[in-house]
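Below: one structure, written as structure tokens.
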Amino acid sequence: MRKQTSIFQNIDWLTVSLYLVLMFIGWISIYAAVYNEEHSSILDISQNYGKQLLWIGGSLMIAIVVLIIDARFYDAFAYLIYGLMILFLIAALFLSRDVKGAHAWIEIGAFKLQPAEFAKFATALALAKYLSLLEIKIEKIQTKIISSLIVTLPAAIILLQNDTGSALVFGSFIFVLYREGLSQNVLIIGFFAALLFVIALMVDKIILLQIIAALAAVSVLLMRKTRKNIVTIMLLAVASAAVVMSVSYVYEKALQPHQKQRIDVLLGKQTDLKGAGYNVNQSLIAIGSGGISGKGFLQGTQTKFDFVPEQSTDFIFCTIGEEWGFIGSFILILLYLGLLYRILFIAERQKSAFTRVYAYGVASIIFFHVMVNIGMAIGLLPVIGIPLPFISYGGSSLWSFTILLFILIRLDSYRTFVLR
Amino acid sequence: MNPNSRIVIAGIFTVVLLIYLIRLFYVQVLNEQYKLSANNNVIRYVTDYPARGLIYDRKGELMVFNEAVYDLMVIPRQVKELDTTEFCRLADISKEEFIRRMQKAKKFSRFKSSIFEKQIPPEQYALLQEKLYKFNGFYVLPRTLRKYPTKSAAHALGYIGEVDEKLIAKDPYYQMGDYIGISGIEQSYEKELRGKRGVRIVMVDVHNREKGSFEDGKYDSVSVAGEDIMLTLDAKLQAYAETLMQNKAGGIAAIEPQTGEILAILSSPTYDPNIMVGKARNKNYALLSTDPYKSLFNRAMMAYYPPGSTFKLASALSAVNEHIVGPGTSYPHSFVVGSKSVKCHPHPPIALEGSIQYSCNPYFCNVFRSFVDNKKYGTSENGYRVWREYIMSFGVGKKIGVDMPHELPGLLPAPEFYDKIYGKGRWKASTIYSLGIGQGELGITPLQMANITAVIANRGYYYTPHIVKAISGKPNTTRNLSEKHSSKVAPESFTVVIDGMQKVVEAGTARVARFGNTVICGKTGTAQNPHGKDHSLFVGFAPRENPKIAVAVMVENSGFGATWAAPIASLMMELYLTDTITRPDLEKRIMEGDLLKDYPLPGTKIKIAPPAKRDSVWQETEQPVVLTENKKQN
């Protein structure tokens, strides 16, 4: 084995560059979003953009630390890190103060940490560790159960913290399981169940049940030759009916009023522009007003006049859309797509199953965040408050994404030393 | 491992982000709906304030309308460099004031609009409007001010003001900048008058000009104007009564007996309601609230006056109904309590009818004693209790339920009150006899006096006095106005008392009140007052059959009832019934009479006198209850 001479050896510089570019875009976007003449210095640490610079500095140091640590450490201590994070999550549940109805923050002096952010990479590590064990076969029911437990445990605690958005992120691990051999039917069924859920919210229950029955009947008629198909169709029809029937229950009972409202707004059932629909509408106006080339840096009016709330955190994409227009949004989405492709490429070049699974975890988490955050800003998804990776204002989010990504970079730089 | 899974995952990532790109292309490039960029437009939420309901009198004469004014608003964040000198000239403020207001606005919010200058009159607005394009961040918001063309009925109409934080916390309907009725019917009919606020979403270009509504007004809500109200007031009668009462203090209420509709209600001194609007309101309010004559105090509904001799009517009716006295009952021409006696001026021997005509004090002290100490009630306490129930059935000693705020119940002590002072079972009619002639611990508002008169005019019942006849052209159903309140006195008991009232005007104390052929029934009163001259009172109704108007007039510190109150009531009746005035000399004397010079000014403490020992004759007693301001005017 060669002796490692530098921590920067074998590093995937393309990923690092994408990371730095995204972080820079985030910083200047936060500056643009909360810019005011009284605090016009981008380094003013009394403002969010000044603070973000501190977070960025911290991130770079964290990145270096992550790279210095021996790659085998992450493999060896994956479960320990996971266990510690679970303890943190539980602690947050009891120690935190109520912030906008969520118990998600631990305060250490002036510092506020959101353990849910850090639980993501921990879960990715634990899942990678588990699935990379030699004796593991995804086809085994036991494997499926344990894998889902690893993912759902932190998600459940985060749900208890009343932070639905962060809990949903853990759903993205389904891509990892799929890549490791889970039947594609799981993906398809999941997709159709979600689709059916949305349709059931919009269409009357009775009508929908009749449509399902009719579709089932037609399918049975067409495929009456094979008995197996008929059984499958019947099962699907019954399952669909169950989803439809459960929708009104989930919608009325399980969802909280604000979540219900957000779904109503998305479905166009409610157009309360001053209430729940306000954010989305303002966000769309801001993005739409950007046009092709945008209004230019610091020239945005919509995002600066406090029309768009949470503009430096969850709705940061508005500022980009308004000031840089379609070209800016296009470039940003391409940057994300590039990063995702690069991570998938890294994943596939690994000999180590651990690194591959972890890489898919990283890609899934980043993808989910990007999908939900931008989808919400452009009115395609209900308002779910999760940050845009590397861009949104906030220390916990930026640091946790940095750790998530740099562990992968570290593992990847070690790939030539791995035999299996 | 699925061989294709890596491609499927990459495919999903790609497809989702591709969909987003398409959506973004649609939102940012294709769709004009969000296209505000060309002019750097900004969206502005403009509150569309509803026009407050108009108020008419019973004949349709306009009494309250809205005049357009403009609030100059500022959004500090949008303010760019401007020609301060020109701006200050247009807004008519000093440069220091400009700086102060900008700082205040910035302190409130840099992004939200705040009011820079309130209620700019239309002429100034015209000048400002032309140049407004030069001043980014400033815009005007149309508002309204109340205007009162008849300049009368200030207390009844009340006034409006802007809501404060306390009110907003109490009623979530209100937002900063909203108007709310603070007194009078502006307050009691606030819900009907205020209308419904709307909001317009407009686009404003970089030159501060409105470029039309956002998405063709799809999200706008239109304001709904408040409902118009028709009052029961007769504006002409109201204004006339106010003129008669000028330079006098007191209260008047006139009611249409058959319906309970208030034809006129006023408190004097009054003020021109037009001074209580706009920028001058605070200054004028401060002036009025320190006014020694208490112009803001609504005497018609809040002042407790001893009703004096006018109260003999209710007292007589109760006794007749209980068969304690009859038309033929007579008493010795004095009322003796211990060593003291109540005496009267000389007049021929009289029975009940004559006692009213001549307003004989000993007679009514005796009637009161016959009632309260009557054996059929067992004790004097029980006798008093029955008597009190009779009086209360005329609407005394309780709130009548008029549809105006701040009505006070008046004062009619419960037996327990006297138990406390004298001890249980240790008082009887001779202890509290002055009640029988409308003195003592009695406090009645002019509105209640008018209501008693309406009960007599109706021979036994009243409808709740009210001031709003119709809302949006439909009869007022917001209050229970159709319930007939019967007094405990049966209709047949009224005849003898009404006969006496007719004699009062024809040949008794109120001959001055006669006019034309109208049969007027009335009763004068001269209530004792320790703080100055006696109060002058008159209650009456006309015509005797099928009465159209019942009036109570109270003139403070003016002497005999026949001197001031009776002529005022009579002139009002004449104007209302015949629409002409046949006695210009009388009218002139009343209008020119200045009684305020005798008014007890501050320093003279006005309060309810402590219940004195009643062993002195009534002429010498301390007289109670004159004027108490029981509620803070707000």
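The values are calculated or read from the model by the stated rules, or taken from the named source; none is laboratory data. Not measured: the values here are computed from a predicted model. Don't worry about glycine lacking a Cβ; one is built from the backbone with ideal geometry, like all the others, and counts go over all protein chains shown. These accessible areas exclude ligands, DNA and RNA; they are computed on the full protein's heavy atoms, side chains included. Shrake-Rupley method; radii C 1.70, N 1.55, O 1.52, S 1.80 Å.
Please list B:96, B:587 from largest to smallest accessible area, probe radius 1.4 Å, with all protein chains kept in place.
Details: B:96 130, B:587 40 Å².
The ordering from most to least exposed comes out as B:96, B:587.
I need the trypsin sites (Lys or Arg not before Pro) found in the stretch B:138-168, filtered to DSSP loop residues with at most 16 other beta carbons within 10 Å of theirs. Display every interim value, and only then the final one.
Working: sites: B:143, B:146, B:147, B:151, B:166; in loops: B:151.
Those satisfying the criteria are B:151.
Could you order A:343, B:22 by accessible surface area, starting with the largest, using a probe radius of 1.4 Å?
From most exposed to least exposed: B:22, A:343.
What full-extension length gain, to one decimal in nm, is calculated for residue B:176 and residue B:382 as 0.36 nm per residue of separation minus the Cα-Cα distance?
On the way: separation 206, 0.36 × 206 = 74.16 nm, distance 5.59 nm.
Full extension of this stretch gives 68.6 nm more.
Mind checking A:325-336 for the average number of partner chain beta-carbons within 10 Å of each residue's beta-carbon?
Partner Cβ neighbours, averaged per residue: 3.
Which of A:51/B:104; B:340/B:428; B:340/B:533; B:147/B:248; B:294/B:588; B:248/B:279 have a Cα-Cα distance over 21 Å?
In this structure, A:51/B:104; B:340/B:533; B:147/B:248; B:294/B:588; B:248/B:279 exceed 21 Å between Cα atoms.
For the stretch B:43-231, give the share of DSSP beta bridges that are antiparallel, in percent and rounded to the nearest 5; count only bridges with both residues there.
So the antiparallel bridges amount to about 95 percent of the total.
Which FRET efficiency, nearest 0.05, do residue A:46 and residue A:197 yield, Cβ-Cβ r, R0 60 Å?
0.85
Using only protein heavy atoms and a 1.4 Å probe, report how much of residue B:8 is accessible, in Å² to the nearest 10.
Its accessible surface works out to 50 Å², give or take rounding.
Which residue, chosen from B:187, B:222, B:173, occupies the Cα position most advanced towards the positive end of the dipole of the stretch B:43-231, where the dipole is computed from +1 (Lys, Arg) and -1 (Asp, Glu) charges on Cβ about the Cα centre?
Ranked along the dipole, the leading option is B:173.
Using helices alone, I'd like the mean residue ellipticity at 222 nm for the protein assembly as shown: each DSSP H run of four-plus residues gives -39500 (n - 2.57), total over residue count, nearest 500.
Helix contribution divided over all residues of the protein assembly as shown: -14000 deg cm²/dmol.
Using the heavy atoms of the protein chains alone and a 1.4 angstrom probe, what is the accessible area of the protein assembly as shown per residue in square angstrom?
Averaged over the residues of the protein assembly as shown, the accessible area is 42 Å².
Once the mean 1/r over all distinct Cα pairs of chain B is inverted, what Kirkwood radius in angstroms do you read off?
28.1 Å
Multiply the residue separation of residue A:334 and residue A:84 by 0.36 nm, subtract the distance between their alpha-carbon atoms, and state the gained length in nm to one decimal.
Length gained, residue A:334 through residue A:84: 86.4 nm.
Rounded to the nearest whole Å³, what is the per residue volume of the convex hull around the Cα atoms of the protein assembly as shown? List each step's numbers first, then the result.
On the way: hull volume 263.6 nm³, N = 1054.
Here the figure is 250 Å³ per residue.
May I ask you to list the trypsin sites (Lys or Arg not before Pro) in the stretch A:111-174 that are in a DSSP loop and have at most 14 other Cβ atoms within 10 Å of their Cβ?
The qualifying sites are A:137, A:140.
Quantify, in whole percent, the carbon and sulfur part of the accessible surface of the stretch B:149-294 (1.4 Å probe; protein heavy atoms only).
On the stretch B:149-294, the fraction of accessible area on carbon and sulfur atoms equals 53 percent.
Just want the answer: with Cβ charges of +1 for Lys and Arg and -1 for Asp and Glu, which residue in B:142, A:175, A:79 is farthest toward the dipole's positive end in the protein assembly as shown?
A:79
Less than 14 Å apart at the alpha-carbon level, and either on another chain or at least 8 residues along: which aspartates and glutamates does that give for residue B:236?
Qualifying aspartates and glutamates at Cα under 14 Å: B:57, B:61, B:574, B:579.
Using only the Cα atoms of the stretch B:286-381, each taken as one equal point scatterer with no solvent, compute I(q) by the Debye sum, divide by I(0), and report log10 of the ratio at q = 0.12, 0.13, 0.24, 0.25 Å⁻¹.
Relative scattering, expressed as log10 I(q)/I(0), comes to -0.52, -0.58, -1.28, -1.35.
Roll a 1.4 Å probe over the protein heavy atoms and report the accessible area of residue B:478 in Å², nearest 10.
60 Å²
Kyte-Doolittle mean at least -0.5 and Cα extent at least 27 Å along the axis: which DSSP H helices of chain B qualify?
Helix filter hits for chain B: B:5-25.
Determine, at each q value in 0.09, 0.19 (inverse angstroms), the log₁₀ of I(q)/I(0) that the Debye formula gives when each Cα of the stretch B:43-231 is one equal point scatterer.
-0.39, -1.34
Can you give me the three principal axis dimensions of the stretch A:189-254 from its C-alpha atoms, in Å, biggest first?
The principal-axis extents, from largest down, are 42, 21, 15 Å.
Looking at the stretch B:67-110, which trypsin sites (Lys or Arg not before Pro) are in a loop (DSSP not H, G, I, E or B) and have at most 14 other Cβ atoms within 10 Å? Before the final figure, lay out each step's value.
On the way: sites: B:77, B:80, B:89, B:95, B:100, B:101, B:104, B:106, B:107, B:110; in loops: B:80, B:110.
Sparse-neighbourhood loop trypsin sites (Lys or Arg not before Pro): B:80.
Accessible surface of residue A:212 in the full protein assembly, 1.4 angstrom probe, to the nearest 10 Å²?
Per-residue accessible area (residue A:212): approximately 20 Å².
Give the interface area between chains B and A as buried accessible surface, both sides summed, probe 1.4 Å, in Å² to the nearest 100.
4500 Å²
Can you give me the orientation-averaged projected area of the convex hull built on the Cα atoms of the stretch B:120-257, in nm²?
Over every viewing direction, the Cα hull of the stretch B:120-257 projects on average to 12.9 nm².
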